Amino acid sequence: MPEIIGVDFDNTIVSYDDLIYRQAIERGLVDGQVLKNKKILRDVIRELPGGEIEWQKIQAAIYGPGMGRATLIEDVFEFFIRCKDKGIRTYIVSHKTQFANYDTTGTDLRKEALKWLDKAGFFNAGVSGLSSGDVYFESTRIDKINRIRSLGCTHFIDDLEETFREPSFPRDVEKILFNSHVSGDFAAETNGKVFEEWKDIHRYFFNGK
Ligand SMILES: [Mg+2]
């Protein structure tokens, strides 16, 4: 069976770590000592009084008006190029609502994401094998999983354990967690694989091929 690889978008292809850090400093929520890491920043901010709302406001800013300054994660673009060269079909499947609760600017988050992908060169189909029609935004995690199934993905790459721990996640889709802060024994519990960097994912798929 030919491989069909689905890839998550937020924090798998695009990094918001710098943006979150700057937002958190500007809002006076953290000092300069905290690590520039999404998960660590999130946990610190959420524990502050009113932190849950502050966190949602930051998310509204980074996925909306701030999206243009989000950064491409190292080696991910090259992964799509290699898949294209090997004739492997790829899709981007993302859990992303159209609008953010705390965004007062009315920014369409899905349009911002598509603009970002276009600007990063992803829709140069001759290079990446992708067009905007290969990008799916879903409103819930369950809808995302249903999309992964209906596209016939053989592998899915995501930074969130929760995607793979969802009971409806298809058993026959290989789980590849892109994450350096894994809680517990993800691999043993879900029969998945964990990689900290995209170059390790390259190696996993393409070594010897
Ligand atoms: Mg993600």
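The values are calculated or read from the model by the stated rules, or taken from the named source; none is laboratory data. The structure displayed is predicted, hence computed values, not measured ones. Cβ placement follows ideal geometry from the backbone for every residue including glycine, while neighbour counts extend to all protein chains displayed. Heads up: the accessible areas ignore ligands, DNA and RNA and are worked out on the full protein's heavy atoms, side chains in. Shrake-Rupley method; radii C 1.70, N 1.55, O 1.52, S 1.80 Å.
Just the residues that are part of a strand (DSSP E or B) and of a type in the set (A, V, I, L, M), please, taken from the range 1-18. Spell out the reasoning first.
Of the residues in the range 1-18, the ones part of a strand (DSSP E or B) are 4-7, 10, 14-15.
Passing the criteria: Ile4, Ile5, Val7, Val14.
For (1) touching a helix residue (DSSP H, G or I) at 6+ places or on another chain (Cβ under 7 Å); (2) in the same structural domain as Arg89 (by TED's automatic domain parsing); (3) within 17 Å of His181 (Cα to Cα); (4) of a type in the set (Ser, Thr, Tyr), each residue gets a yes or a no:
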| residue | (1), (2), (3), (4) |
| --- | --- |
| Asn11 | yes, yes, yes, no |
| Tyr21 | yes, no, no, yes |
| Leu35 | no, no, yes, no |
| Val44 | no, no, yes, no |
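For (1) β-branched (Val, Ile, Thr); (2) in a helix (DSSP H, G or I), each residue gets a yes or a no:
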site: Phe164; (1), (2): no, yes
site: Ser168; (1), (2): no, no
site: Asp172; (1), (2): no, no
site: Ser180; (1), (2): no, no
site: Ser183; (1), (2): no, no
site: Ala188; (1), (2): no, yes
site: Val194; (1), (2): yes, no
site: Ile201; (1), (2): yes, yes
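Could you check the range 25-43 and list, in sequence order, the residues that are under 24 Å from the mean Cα position of the chain (by Cα) and either open to solvent by 60 Å² or more (accessible area, probe 1.4 Å) or modelled with pLDDT of 95 or more (or both)?
Correct list: Ile25, Leu35, Lys36, Lys39, Asp43.
Is it fair to say Ile58 is out of contact with any Cys (no Cβ under 6 Å at 6 or more places or on another chain), open to solvent by less than 50 Å² (accessible area, probe 1.4 Å), β-branched (Val, Ile, Thr) and assigned to a helix (DSSP H, G or I)?
Values: out of contact with any Cys (no Cβ under 6 Å at 6 or more places or on another chain): yes; open to solvent by less than 50 Å² (accessible area, probe 1.4 Å): yes; β-branched (Val, Ile, Thr): yes; assigned to a helix (DSSP H, G or I): yes.
The answer is yes for Ile58.
Give the residues of the range 9-18 that are open to solvent by 10 Å² or more (accessible area, probe 1.4 Å) and either of a type in the set (A, V, I, L, M, F, W, C) or within 13 Å of the ligand (Cβ to nearest atom) (or both), sorted by residue number. It would help to see each step written out before you state the result.
Pass one, the range 9-18, residues open to solvent by 10 Å² or more (accessible area, probe 1.4 Å): 10-11, 15, 17-18.
Within the range 9-18, Asp10, Asn11, Ser15, Asp17 meet the criteria.
Look at Lys144 and say whether it is within 16 Å of Phe77 (Cα to Cα) and either modelled with pLDDT of 95 or more or within 16 Å of the ligand (Cβ to nearest atom) (or both). Write out each step before concluding.
Details: within 16 Å of Phe77 (Cα to Cα): no; either modelled with pLDDT of 95 or more or within 16 Å of the ligand (Cβ to nearest atom) (or both): yes.
Answer is no for this residue.
If I ask for residues that are more than 15 Å from the ligand (Cβ to nearest atom) and touching a Lys or Arg at 6+ places or on another chain (Cβ under 9 Å), which ones from the range 102-121 would you list? It would help to see each step written out before you state the result.
Start the filter on the range 102-121 by keeping residues that are more than 15 Å from the ligand (Cβ to nearest atom), which leaves 102-108, 111-112, 114-115, 118-121.
Within the range 102-121, Tyr102, Asp103 qualify.
Are any of the residues in the range 141-162 without any contact (Cβ under 8 Å) to a residue 60 or more places away in the chain, among the aromatic types (Phe, Trp, Tyr) and open to solvent by less than 40 Å² (accessible area, probe 1.4 Å)?
Taking every residue of the range 141-162 in turn, none turns out to be without any contact (Cβ under 8 Å) to a residue 60 or more places away in the chain, among the aromatic types (Phe, Trp, Tyr) and open to solvent by less than 40 Å² (accessible area, probe 1.4 Å).
Have a look at Glu166, Glu138 and point out the one that is modelled with pLDDT of 95 or more, farther than 17 Å from Ile92 by Cα and within 14 Å of the ligand (Cβ to nearest atom). Step through it out loud before you land on a result.
Details: Glu138 fails: farther than 17 Å from Ile92 by Cα.
So the residue among Glu166, Glu138 that is modelled with pLDDT of 95 or more, farther than 17 Å from Ile92 by Cα and within 14 Å of the ligand (Cβ to nearest atom) is Glu166.
So which of Ala125, Ala120 is free of Cβ contacts under 8 Å to residues at least 24 places away in the same chain and open to solvent by less than 50 Å² (accessible area, probe 1.4 Å)? Spell out how you get there, then give the answer.
On the way: Ala120 fails: free of Cβ contacts under 8 Å to residues at least 24 places away in the same chain.
On inspection, the qualifying residue turns out to be Ala125.
Within the range 19-39, track down each residue that is away from the ligand (no atom under 16 Å from the Cβ) and outside any loop (DSSP other than H, G, I, E, B). Explain how you work it out, then say what you get.
We begin by selecting, within the range 19-39, every residue away from the ligand (no atom under 16 Å from the Cβ); these are 21-36.
Of everything in the range 19-39, those that are away from the ligand (no atom under 16 Å from the Cβ) and outside any loop (DSSP other than H, G, I, E, B) turn out to be Tyr21, Arg22, Gln23, Ala24, Ile25, Glu26.
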